[in-house]
Amino acid sequence: MTAWLIGLDVDGTLVFEDETFSPGVVEAVARVRDAGHEVTLATGRSWVTAGRFLDELGIAPEYVVCSNGAVTMRRTADGYERWHVETFDPRAVLGLLAERLSEARYMVELADGERLYTDVIGEWALENARQVSFDELSAQEVSRVVVVSPRHDEADFQRLVREVGLDEVSYAIGWTAWLDIAPHGVDKGTALERVRAAREHDGARVFVAGDGRNDIGMFGWAQAVGGRAVAMGQAPDEVKAAATETTASVEQGGLAVALETIPAM
């Protein structure tokens, strides 16, 4: 039996909001790792906030998908480097959003990983980050745009997306008032396909798990190559509908339960 490629979302799948692990996840990841399968992350997080989970899980995959697929990191002898980066010109998107969300807080991620932000957002990690004016956000191409507006909820953001017509970029609305915008045609699935091809994994032995709308593209890709797409129990209905199966919630250790179904080599 050939090894499985296992791509895992982080927030709401591996960890709770306080960044502690879902029950049984660390042990379940160790089991599939020791069985010879390749476990990696496929997260909306930037590398600077995602990388530490590799050490905490005890994994060292050759590739890690970050920033909703816009950034793929590759392991080297000295750590990880930015292997593939997708960017876009954010001026049009930021201009449209600013007209409707003048009090929102904005962040962009540059091609080299530096993040520029207009104001501190909650508990954001500010390593390799710099506060700038709104106009400076558009000075160069970016790999992602993040918008946080505490006064708005998810329904407000869904209406905004329809009104603005975000059809030239990919976007994901988080489970809080958080809009994450990626380059057009880019999502976790496009990045994982690049990883799968580089690692020569059989598509029928692909397993991905997630809980958010930014996982729908990844789910569609997994099904297209003949693999498994697992939605967490607390995921929105549209996310569950995009998956091949649903497990228990993150509170109930749903990812650990799903990983137990992956056979040993």
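Values computed for the structure shown
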item	result
Members of the stretch 1-45 that are β-branched (Val, Ile, Thr), part of a loop (DSSP other than H, G, I, E, B) and within 20 Å of residue 180 (Cβ to Cβ)	10, 13, 43
Among residues of the stretch 142-168, those that are over 20 Å from the mean Cα position of the chain (by Cα), acidic (Asp, Glu) and part of a helix (DSSP H, G or I), counted	2
Qualifying residue in the stretch 176-188 (condition: of a type in the set (Val, Ile, Thr) and surrounded by fewer than 23 Cβ atoms within 10 Å (Cβ to Cβ))	yes
Single residue of the stretch 55-114 satisfying the filter (touching a Gly at 6+ places or on another chain (Cβ under 9 Å) and part of a helix (DSSP H, G or I)) that is farthest from residue 197 (Cα to Cα)	96
Residues of the stretch 230-255 satisfying the condition of being surrounded by fewer than 22 Cβ atoms within 10 Å (Cβ to Cβ), over 19 Å from residue 189 (Cα atoms) and aliphatic (A, V, I, L, M)	248
For residue 100: the one exception among (1) touching a His at 6+ places or on another chain (Cβ under 9 Å); (2) over 23 Å from residue 218 (Cβ atoms); (3) touching a residue at least 60 places away in the same chain (Cβ under 8 Å); (4) not small (Gly, Ala, Ser)	(1)
Criterion: under 18 Å from residue 186 (Cβ atoms) and out of contact with any Ser or Thr (no Cβ under 6 Å at 6 or more places or on another chain) - qualifying residue of 28, 92, 60, 50	92
Residues of the stretch 25-44 classified as without any contact (Cβ under 8 Å) to a residue 40 or more places away in the chain and surrounded by fewer than 21 Cβ atoms within 10 Å (Cβ to Cβ), total	4
Residue match in the stretch 62-80 (condition: more than 21 Å from residue 157 (Cα to Cα) and either polar (S, T, N, Q) or outside the structural domain of residue 31 (by TED's automatic domain parsing) (or both))	yes
Per-region count, the stretch 203-242, residues over 16 Å from the mean Cα position of the chain (by Cα), small (Gly, Ala, Ser), part of a loop (DSSP other than H, G, I, E, B) and within 21 Å of residue 69 (Cα to Cα)	2
Single condition residue 131 does not satisfy, out of (1) more than 14 Å from residue 98 (Cβ to Cβ); (2) at pLDDT 85 or above; (3) under 17 Å from the mean Cα position of the chain (by Cα)	(3)
One residue from 2, 72 being crowded, with 21+ Cβ neighbours inside 10 Å, at negative phi and in contact with a helix residue (DSSP H, G or I) (Cβ under 8 Å, 6 or more places away or on another chain)	72
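The values are calculated or read from the model by the stated rules, or taken from the named source; none is laboratory data. What you are looking at is a predicted structure, and each value in this text was computed from that prediction instead of being measured. Don't worry about glycine lacking a Cβ; one is built from the backbone with ideal geometry, like all the others, and counts go over all protein chains shown.
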